[in-house]
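Computed from the coordinates by the stated procedures, all read-outs in this text should not be read as laboratory data. Quick caveat: nothing in here was measured; it's all calculated off a predicted structure. With ideal geometry, Cβ positions are generated from the backbone for all residues, glycine too; neighbour counts draw on all protein chains shown.
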Amino acid sequence: MKIWLSKNSEVPVRDQLVTQITIGVLSGDLQIGDKLPSTREIARRFQIHSNTVSSAYQKLADDGWLEFRKGSGFYVREADEATLNIEMQLDRLITDLLRSAQALGFGPEDVRSRIEGRLRSHTAKRVLVIESDEKLRDIIAHEIGTATGAGVLGIDLGQFAGKYKNERAVYAAMMDEKPKIEGMIPPERSCLYLRAHSVAEAMAGQPRPSQDDLIAVASGWEKFLLMAKTMLVAANLEPASLIIRHTGQKGWKKGLGAASMIICDSLTATSLPGDEKVRPFPIVSRDSLDEVRNALES
């Protein structure tokens, strides 16, 4: 095994030596039972202090890579699983796998491809929310995650096409995204197209605001602010009775205490915990959330 050491590097020589010998063992350049050059030989070859080499060898011995044989020197040791930490045990397993695969004629890329495939097939499902509008995407991901307890990742169309379209996951998107997504999904896959929560369903059992009430609307999604304002004005509320707050603006909570009701999206509601005046308006219908839950369980 060749060793390269730089005395001008920011990395201490001792650490360079430890790293290179560790890699040598993992790569198979150093086999179990191989004797390492003596500390004097390494020190003389690279014109470094022998104590530096001794310290590196001792570190490797302490970590389980080498063993010292009195009167003979340091040797690559056979792993004693009890002395190796979990990461080192995994490193040894990977090394054995690569050696076995090489003996069968498989290269590193073959091994990597097969491992990635197995990881995909054994990884617990998660939900990929595909949505062009970033703010809406965050809200939908929050609602699905809260309803299902599953891991949820929000992505845009470009990310889906470039990286995620072959991932083992439940695809979900709002119905208006369907024309953009259909041609991108692999033939053997499908996407759950989510229906929006109806206004009537969301307001069922909620007290109807009077014209004298001061109503606040809060969200980081501008379309939510516009829709809520439109509905409230259509319900004969005076525009002057509305407080509109965009959560992306500094001090957006200021003045909300004066409102008799705060209408917001479900994600914004998490920023207003314990406030009895908060009325979250869900985006995704209950039926669609049930569909996502069933897909995760199937």
At R0 = 25 Å, FRET efficiency that the Cβ-Cβ distance of Leu272 and Glu134 yields, to 0.05 = 0.70
message = Relative contact order for the chain: what percent, with Cα pairs under 8 Å and sequence separation of 6 or more?
response = 13 percent
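Run the numbers for Arg286 and Arg189: contour at 0.36 nm per residue of separation, minus the present Cα-Cα distance, in nm.
Numbers: separation 97, 0.36 × 97 = 34.92 nm, distance 2.34 nm.
My answer for the length gained is 32.6 nm.
So what's the back-of-envelope 222 nm ellipticity for the chain, counting only DSSP H runs of four-plus at -39500 (n - 2.57) apiece and dividing by all residues, rounded to 500?
Details: 11 runs with 122 residues, N = 298.
-12500 deg cm²/dmol, from helical runs alone.
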query = What number comes out for the charge environment of Leu272, summing +1 per Lys or Arg and -1 per Asp or Glu over other residues with Cβ under 15 Å away?
reply = +2
request  = Among Ser271, Ser132, Ser72, determine the one that fluctuates most according to a GNM of the chain built with springs between C-alpha atoms less than 10 Å apart.
outcome  = Ser72
³J(HN,Hα), Karplus 6.51/-1.76/1.60, whole Hz, each residue of region 179-195, x for Gly, Pro = x, 7, 8, 3, x, 9, 7, x, x, 7, 10, 9, 10, 7, 9, 7, 8
query = So for the pair Ala103, Lys2, with labels modelled 7 Å out along Cα→Cβ, what separation do we get in nm?
reply = 2.8 nm
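Want the number for Leu93 to Glu297: 0.36 nm per residue separation, take away the alpha-carbon distance, what's left?
On the way: separation 204, 0.36 × 204 = 73.44 nm, distance 3.28 nm.
Using 0.36 nm per residue and subtracting the Cα-Cα distance, I get 70.2 nm.
Based only on other Cβ atoms within 10 Å, what is the fewest-to-most ordering of Ile244, Ile140, Ile32, Ile42?
Working: Ile244 15, Ile140 28, Ile32 10, Ile42 20.
Least to most surrounded, the residues fall as Ile32, Ile244, Ile42, Ile140.
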Residue exposure sequence - Lys223, Lys165 - by fewest surrounding Cβ within 10 Å = Lys223, Lys165
ask   = On full extension of the chain, what length is gained from Ser54 through Thr230, given 0.36 nm per residue of separation minus the C-alpha to C-alpha distance?
value = 55.7 nm
ask   = Between rounded, prolate and oblate, where does region 210-298 land on the alpha carbon gyration tensor, with a ≥ b ≥ c its root eigenvalues, rounded for a/c under 1.5, else prolate if a/b exceeds b/c?
value = prolate
query = Which ³J(HN,Hα) values, rounded to whole Hz and listed in residue order, are derived for region 237-252 from phi using the Karplus coefficients 6.51, -1.76 and 1.60 in 6.51 cos²θ - 1.76 cosθ + 1.60 with θ = phi - 60°, glycine and proline given as x?
reply = 7, 6, x, 5, 8, 9, 10, 9, 10, 8, 5, x, 9, 5, x, 5
remark   = log10 I(q)/I(0) for the chain, Debye formula on C-alpha points only (no solvent), q = 0.08, 0.10 Å⁻¹, two decimals, reads -0.63, -0.75
key: 10 Å-binned pair-distance histogram of region 13-78 (Cα, whole percent)   = 23, 59, 18, 0
remark   = Neighbour-count ranking for Tyr164, Tyr57, Tyr193 (other C-beta within 10 angstrom, fewest to most) reads Tyr164, Tyr193, Tyr57
note = Under a Gaussian network model of the chain whose springs join Cα atoms within less than 10 Å, the largest fluctuation of Ser55, Ser285, Ser266 belongs to Ser55
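Add +1 for every Lys or Arg and -1 for every Asp or Glu among the other residues with Cβ under 10 Å from the Cβ of Leu256, and state the total.
Numbers: positive: Arg245, Lys253, Lys254, Lys277; negative: Asp275.
The answer is +3.
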